[in-house]
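Trainee: Right, I'll just put the structure down here and ask away after.
The values are calculated or read from the model by the stated rules, or taken from the named source; none is laboratory data. The structure presented is a predicted model; accordingly, all values stated were derived computationally and were not measured. Please note: Cβ atoms are built from the backbone with ideal geometry, for glycine as well, and neighbour counts cover all protein chains shown. Calculation scope for accessible area: heavy atoms of the full protein, side chains included, ligands and nucleic acids excluded. Shrake-Rupley method; radii C 1.70, N 1.55, O 1.52, S 1.80 Å.
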Amino acid sequence: MFQLKKSLSRMIVTSAVLLASSQVFAATTVITFDDPGMQHGTVVNTQYASLGVNITVNNTSNNASDADYAVVYDTQSGTNPSEGKNNNWDNDLDAPFTVGNIAGSSGNIGNSLIIQENSSSNGTNGQFDNDAGCAAGVCENPDDQIMTNGNESGYITFDYDYDIASFGFDLIDFQTDLSAAEVGGSTITFYDDALQVASYSFADFATGGAMDNGAVYADNSLNRILISNLGLGVNRAEFRIVGTGAIDNIAFSTPPSTQVPEPSTLALFGLALLGLGRVRRCA
């Protein structure tokens, strides 16, 4: 098995789902969170404005005085002192990812995106203050928010300045059985000018139904999901996250008539990008 890297060779595979679709897609854009300056703990807000994409978080488990942070989490296993990564890390989000429809790599898949955990700890008794440094743009102790009191961890929303035609993403470390809250309760919902168009439970991607992407959920799992035809007018994608976990490789295409600003740091991939072939570590 070789190191899984975020590169064109890793991601271009044939997509039976896309080829079966009746819609002709324009070029696909992928947000990998691996751009220059995106280090472990970076707070994500306006970095993708040049793409016409706005990313926001609502941490529903926090206190009224806490902020809502979308934060980069480096999945490289082990330590990385140069980015503040240390032995007290949440290694559930670290490679290797041994289960899932693109699992098998013992290497590093790069950065992912989490809802930053909020805490009122001041760092005493071995506990981290998870909000430390976040206001300055780089959280000192990145960690994904846990479910508290039966409530979801929160929401990650992608708002677009234009319509999107397809949407793909990776799910990292979502676990337990399909009926459990962390999988069955977590959703991805699409909107047309704030009106709900469609909503899918993460369990839908593993049930054998029309949206089955062959997902396999467990500790240290890595699954790639594709929703290949969103219909007309969709300009918002909202993740409801129950429990812990991260997302990555946010891929979207636009209808042929839609013009997307040329990104300076992100690659524009072709039709084959969103393949869901059951690949080993090279998906």
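Trainee: Any chance you could check the Cα centroid distance between segment 135-168 and segment 199-256 for me, in angstrom?
Mentor: Centre-to-centre distance over Cα atoms comes out at 14 Å.
Trainee: Please list 3J(HN,Hα) in residue order for segment 207-215, calculated via the Karplus relation 6.51 cos²θ - 1.76 cosθ + 1.60 where θ = phi - 60°; whole Hz, with x for glycine and proline.
Mentor: Whole-Hz 3J(HN,Hα) from phi for segment 207-215: 9, x, x, 4, 9, 4, 10, x, 5.
Trainee: Also, quick follow-up: In whole Hz, with x marking every Gly and Pro, tabulate ³J(HN,Hα) for segment 155-168 from phi via Karplus 6.51 cos²θ - 1.76 cosθ + 1.60, θ = phi - 60°.
Mentor: 10, 10, 10, 10, 9, 10, 7, 7, 7, 10, 9, 9, 8, x
Trainee: Quick check: net charge around Val99, other residues with Cβ under 10 Å of its Cβ, Lys/Arg +1 and Asp/Glu -1?
Mentor: The answer is -2.
Trainee: Heads up, I need the accessible area for Asp177: 1.4 angstrom probe, whole protein in place, Å², nearest 10.
Mentor: Rounded to the nearest 10, the figure is 90 Å².
Trainee: Moving on to the next point. Leaving ligands and nucleic acids out of the surface, order Thr75, Thr32, Thr56 by accessible area at 1.4 Å, largest first.
Mentor: Final ranking, largest accessible area leading: Thr56, Thr32, Thr75.
Trainee: Amide H to amide H, which residues 5 or more places from Ala198 or on other chains are under 5 Å from it, using H placed in the peptide plane?
Mentor: Those lying under 5 Å, H to H, from Ala198 are Phe190.
Trainee: Ok, one more. Counting only residues 5 or more places away or on other chains, whose amide H sits under 5 Å from the amide H of Val44 once H atoms are built in the peptide plane?
Mentor: Ala70, Val71, Val72
Trainee: OK, next. Quick one: accessible area per residue over segment 202-250, 1.4 Å probe, rounded to a whole number of Å²?
Mentor: Per residue, segment 202-250 has an accessible area of 28 Å².
Trainee: Counting only other residues whose beta carbon sits under 13 Å from that of Gly233, what net charge do I get with K and R as +1, D and E as -1?
Mentor: It works out to a net charge of -2.
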